[in-house]
1. Go through 122-128, 402-408, 222-228, 155-161 and give me the packing order, highest mean Cβ count within 10 Å leading.
2. Give me a comma-separated list of calculated 3J(HN,Hα) values for segment 411-417, in order, Karplus coefficients 6.51, -1.76, 1.60 applied at θ = phi - 60°, integers in Hz, x for any Gly or Pro.
3. Which of the three applies to segment 264-400, rounded, prolate or oblate, going by the alpha-carbon gyration tensor with a ≥ b ≥ c and a/c under 1.5 meaning rounded?
4. Relative contact order, percent, of the chain when contacts are C-alpha pairs under 8 Å separated by at least 6 residues?
5. Students often forget the sequence filter, so: which aspartates and glutamates lie under 14 Å Cα-Cα from K120 once same-chain residues fewer than 8 apart are removed?
6. What does the highest-first list of 58-68, 195-205 look like by mean Cβ count within 10 Å?
7. If you take the beta carbon distance between D9 and Q461 as r and set R0 to 56 Å, what does 1/(1 + (r/R0)^6) give as a FRET efficiency, to the nearest 0.05?
8. Counting DSSP beta bridges with both partners in segment 1-81, what percentage is antiparallel, nearest 5?
Amino acid sequence: MAYKDELFDLWSETFMNLKQSCSEHEKDMWLSLIAYHSGDDNRIILNLPSQFHIDQIIKRYGNQIEEILLSLAGKPILVEYRTAKGETPPVSKKPEKDEKNQNIQNMPTDFPSSLNIKNKEKHPQLREDYNFDDFVVGENNSFAANAALAISKNPGTNYNPFLIYGGVGLGKTHLMQAIGNSIYQNFENTSVIYAPTETFINEFTYAIRTKTTQQFKNKYRNVDVLLLDDIHYLEDKTGTQEELFHTFNALYDANKQMVFTCDRPVTELKNIVPRLKSRFARGLNVDLQPPNFETRLAILNQKLDQKNAHIPLDVVEFIAQNITTNIRDMEAALLKVTAYAELVGKDVTVEIAQQQLKQIISIPLPGRLTISLIQKVVAGYFNFTPNDLKGRKRTKAISFPRQISMYIIRELTDYSTTEIGLEFGGRDHTTVMHSVQKIEDQLKTDSTLEPIIQKLINEIQEQAHE
Ligand code: ADP
Ligand code: MG
């Protein structure tokens with residue numbers, strides 16, 4: 001990194017020491033976010049993504065960092081932290097009264113902060129706020145985020161193509177555009193195209209109609225970085241698939257970076273020509289999972305920081321506890337609550353938030369076909385509880401109803417196998433695929449199974465419409 005200086009080594013050693021005493025989870029969740037900024041004399045400046053992270057790091061590791069620094073340097077080292085945006089003056093925070101020990105923090109060891117970014121014009125198709133600094137890293141996305149970061153530093157080399165998959169609102173587009181923004185800002189003369197797959201399809205159809213396919217090819221086959229969002233829209237679009245196959249080969253052979261996103265694992269895409277599918281699966285495929293409570297809290301705080309908005313901590317926690325599906329829903333909830341506060345000009349309370357978010361929070365109505373309803377009915381039929389289905393036990397007695405539940409969920413709903421796996425105690429999507437396959441096979445040979453499944457489906461549908 002360009003900004004190495006004499007205190008960098010001291011910090012590196014401190015950081016290594018700190019890491020040794022932390023769990024993997026803590027490393028992903030917190031330590032991976034600390035970035036060294038600079039140092040001089042007896043002072044180290046560290047960057048963190050937001051004020052929230054600074055507070056958390058001080059609370060969790062402040063004393064420990066001071067102690068390690070003191071023991072390594074043999075004298076007190078002042079630690080200042082700032083948010084990675086670099087806009088706030090470094091504020092020294094003292095964890096306790098002791099003056100010398102201001103603290104530390106920080107993180108994203110390698111997260112490119114805005115410091116690295118040259119002030120190029122904004123990229124026409126990319127949102128500026130979809131950048132790495134504003135992407136909160138938690139255990140649900142740290143692998144994807146780190147891979148994205150690695151790619152943005154060395155495009156077209158190791159992970160090509162890079163494919164991010166996962167449910168709606170989990171940050172696929174954000175991460176993809178962060179790669180685009182970072183490369184666009186940090187590499188001279190590098191062209192980046194971002195296109196939602198629908199746009200790619202429409203442009204191609206238009207090119208055929210107007211006999212301008214050559215222009216289309218020129219555009220997409222000569223780019224340095226191609227970001228194609230939501231490739232599941234290619235299902236059934238054979239003509240566009242064919243074109244993309246050739247685009248892919250041209251870019252791949254020229255070592256140009258490709259990034260794709262998809263709402264499910266590539267293996268679950270239907271009606272995509274196998275040779276294109278196998279190309280998507282090349283390179284690196286990573287998934288994004290829903291964030292846990294701590295990460296949800298960090299994301300909400302980051303969004304508040306970004307907007308310079310303030311709502312009481314208990315209200316933020318209330319939202320983090322109740323909106324668990326995805327980040328887009330969390331943002332919608334936050335917007336609703338902050339808009340209300342602004343409108344009526346008073347502080348939000350948990351009661352007000354509850355009132356305002358009534359509709360959003362009660363989304364899993366009993367009248368809807370939800371995974372939990374299906375689990376409840378199937379478990380009940382076999383004299384188990386839904387928790388048994390989610391548990392780790394693998395006796396035949398419990399495996400069978402578990403497989404049936406997964407099969408019925410696939411039959412009746414649009415949940416992906418990744419999402420289903422999560423609702424069964426965090427099982428892998430391949431386990432779900434396997435279970436569904438088992439039931440499909442058994443249905444072919446065992447004629448007693450079909451009526452049981454039909455009965456369960458009737459019962460589920462009845463309850464869903466009650
Ligand atoms: P997807 O493409 O997976 O449907 P998006 O990338 O559009 O999801 O993300 C939905 C919203 O959630 C965006 O506003 C995005 O900025 C925000 N978001 C998602 N993940 C994170 C994260 N880890 N940190 C901060 N914001 C996030
Ligand atoms: Mg998206």
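FYI, it's all coordinate maths here, none of it is from the lab. This is a predicted model, so every value here is computed, not measured. So basically every Cβ, Gly included, is an ideal-geometry build from the backbone, and we count neighbours across all protein chains shown.
1. Taking the mean over residues of other Cβ atoms within 10 Å, the ranking is 402-408, 222-228, 155-161, 122-128.
2. Result, ordered by residue: 6, 9, 10, 9, 4, 7, 5 Hz.
3. On the way: a/c = 2.59, a/b = 1.44, b/c = 1.80.
Because a/c hits 1.5 or more and a/b fails to exceed b/c, segment 264-400 counts as oblate.
4. On the way: 727 pairs, mean separation 53.8, N = 466.
Reported as a whole number, the value is 12 percent.
5. Cα-Cα hits under 14 Å: E128, E188.
6. Details: 58-68: 19.7, 195-205: 17.6.
The most tightly packed comes first, giving 58-68, 195-205.
7. On the way: r = 65 Å, r/R0 = 1.17.
Calculated value: 0.30.
8. Within segment 1-81, antiparallel bridges account for around 55 percent of the total.
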